[in-house]
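J.: Okay, handing you the structure first.
The values are calculated or read from the model by the stated rules, or taken from the named source; none is laboratory data. As the structure is a computational prediction, the values presented were derived from the model and not from experiment. Here the Cβ positions follow ideal geometry from the backbone for every residue, glycine too, while neighbour counts run over all protein chains shown. Quick note on the areas: whole protein, heavy atoms, side chains included, nothing else; ligands and nucleic acids left out. Shrake-Rupley method; radii C 1.70, N 1.55, O 1.52, S 1.80 Å.
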Amino acid sequence: NAGVMQNPRHLVRRRGQEARLRCSPMKGHSHVYWYRQLPEEGLKFMVYLQKENIIDESGMPKERFSAEFPKEGPSILRIQQVVRGDSAAYFCASSPTDTYNEQFFGPGTRLTVL
Amino acid sequence: AQKVTQAQTEISVVEKEDVTLDCVYETRDTTYYLFWYKQPPSGELVFLIRRNSFDEQNEISGRYSWNFQKSTSSFNFTITASQVVDSAVYFCALRGTNSGYALNFGKGTSLLVTP
């Protein structure tokens, strides 16, 4: 049973470019969460999605960031016009329900903005 | 508001020593869940344990044990007879039942076990 898959594992972008991060949840999981980990910091919640719905985006920056989880395919976290401050590790997690189960994390995408 | 404090930023021990990682939390929710995750040098996050606020029994899993005390709002993690493979960053996290969907993480404790 494959775990949460994220790709790419490493992504390098120049300032002003777009970054697209993909997340495929564990089989049977329909709830996806995105977190950001800045250097020397813990993980900060960004957004929670179910299929075709954004449930909670209280942790998303208001500009340049968006997320989706289409009916078919992976969840996508999109960062437009990246800046150096966006350099971080972005983790996706999934769970089978929205009760208080543990969230299973993917390996993360490490974004570096030059 | 939810808050998790891991006061120990870094801990270094010699192999076979016991080590305790502290976690103190704040929440207004009467029902909540506490978690520990391990982040080894490879970077992924590995789930270790989940505890709900109604279950104060201590838990032991091999060399790992957890001490949950509501009276002091603490959920401490002890590794007995530490090994080099235990070297990692350990995160404590909290989720309240009336506080949204996020896991609220502490800043982590970096544990280094040397031979």
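J.: Mind scanning B:K3/B:K70; B:K16/B:K70; A:K62/B:K38; A:K44/B:K3; A:K27/A:K71; B:K16/B:K38 and naming the pairs with a C-alpha gap bigger than 23 Å?
T.: B:K16/B:K70; A:K62/B:K38, as the Cα separations exceed 23 Å there.
J.: For segment B:67-115 and segment A:36-114, what is the separation of their Cα centres, given in Å?
T.: 22 Å
J.: Efficiency by 1/(1 + (r/R0)^6): what FRET value for B:Q57 and B:E26, r their Cβ-Cβ distance, R0 = 22 Å, to the nearest 0.05?
T.: Efficiency at R0 = 22 Å is approximately 0.50.
J.: Oh, and also: Evaluate the charge dipole of chain B about its Cα centre and quote only its size in Debye, nearest 20, assuming +1 on the Cβ of each Lys and Arg and -1 on the Cβ of each Asp and Glu.
T.: The calculated dipole for chain B is roughly 320 debye.
J.: Can you tell which of A:P25, B:F68, A:P74 lies farthest toward the positive end of the dipole of the protein assembly as shown, using +1 and -1 charges on the Cβ of basic and acidic side chains (Lys, Arg; Asp, Glu)?
T.: It is A:P74, whose Cα lies furthest towards the positive end.
J.: Put +1 on the Cβ of each Lys and Arg and -1 on the Cβ of each Asp and Glu in chain A; which of A:M46, A:G3, A:L114 then has its Cα farthest toward the positive end of the dipole?
T.: Most positive-ward Cα: A:L114.
J.: I've got another one for you. Which whole-number percentage describes the relative contact order of chain B, with Cα contacts under 8 Å and a sequence gap of 6 or more?
T.: Relative contact order for chain B comes out at 39 percent.
J.: Something else now. Carbon and sulfur: what percent of the protein assembly as shown's accessible surface (1.4 Å probe)?
T.: 47 percent
J.: A follow-up question, please. Compute, for the protein assembly as shown, the length of the dipole vector about the Cα centre, with Cβ point charges of +1 (Lys, Arg) and -1 (Asp, Glu) only. Units Debye, rounded to 20.
T.: 860 debye
J.: Apply the Karplus curve 6.51 cos²θ - 1.76 cosθ + 1.60, θ = phi - 60°, to the phi angles in segment A:28-35 and return the couplings in whole Hz, x for Gly and Pro.
T.: Karplus values, whole Hz, x for Gly and Pro: x, 9, 10, 10, 10, 10, 10, 10.
J.: Select from segment A:1-109 those GluC sites (Glu not before Pro) which occupy a DSSP coil region and have at most 14 other Cβ atoms within 10 Å, ordered by residue number.
T.: Passing both the DSSP loop test and the Cβ count: A:E18, A:E40, A:E41, A:E52, A:E63, A:E72.
J.: Could you work out the relative contact order of chain A, using alpha carbon pairs under 8 angstrom and six or more residues apart, expressed as a whole percent?
T.: Relative contact order of chain A: 37 percent.
J.: Now for a separate question. With the solvent-accessible surface defined on protein heavy atoms using a 1.4 Å probe, which residues belonging to segment B:87-115 display a reduction of at least 20 Å² in accessible area in the multichain context relative to the isolated chain?
T.: B:F91, B:R95, B:T97, B:Y101, B:A102, B:L103, B:F105, B:K107
J.: Add +1 for every Lys or Arg and -1 for every Asp or Glu among the other residues with Cβ under 12 Å from the Cβ of B:G43, and state the total.
T.: Counting the neighbours of B:G43, the net charge comes to +2.
J.: Please average, across the residues of B:64-76, the number of beta carbons from any other chain that are within 10 Å of each residue's own beta carbon, and give a whole number.
T.: 0
J.: Please compute, for the alpha-carbon atoms of chain A, the extent along each of the three principal axes and give them in descending order in Å.
T.: For chain A, the Cα spread along each principal axis is 37, 25, 24 Å.
J.: Among the chymotrypsin sites (Phe, Trp or Tyr not before Pro) within segment B:30-115, which fall in a DSSP loop and have no more than 11 other Cβ atoms within 10 Å of their own Cβ?
T.: Those that pass, being in a loop and sparsely packed, are B:F54.
J.: Counting only heavy atoms of protein chains, what accessible area per residue, in Å², does the protein assembly as shown have with a probe of 1.4 Å?
T.: 49 Å²
J.: Further question: Take the Cβ-Cβ distance between B:N67 and A:S87 as r, set R0 to 45 Å, and report the resulting FRET efficiency rounded to the nearest 0.05.
T.: Efficiency computed from Cβ-Cβ geometry: 0.75.
J.: Count the net charge of all other residues whose Cβ sits under 10 Å from the Cβ of A:L49, scoring Lys and Arg as +1 and Asp and Glu as -1.
T.: The answer is -3.
J.: What does the structure give for A:44-56 when I average, per residue, the other chain Cβ atoms found within 10 Å of the residue Cβ?
T.: Other-chain Cβ atoms within 10 Å of each residue's Cβ, averaged: 2.
J.: Counting only other residues whose beta carbon sits under 15 Å from that of A:R78, what net charge do I get with K and R as +1, D and E as -1?
T.: That works out to +1.
J.: If you take every DSSP beta bridge fully contained in the protein assembly as shown, what fraction is antiparallel? Give it as a percent rounded to 5.
T.: Roughly 90 percent of the DSSP beta bridges within the protein assembly as shown come out antiparallel.
J.: For the interface of B with A, what's the total buried accessible surface in square angstrom, probe 1.4 angstrom, rounded to the nearest hundred?
T.: Separately minus together, B and A give about 1800 Å² buried.
J.: Please average, across the residues of B:37-50, the number of beta carbons from any other chain that are within 10 Å of each residue's own beta carbon, and give a whole number.
T.: 4
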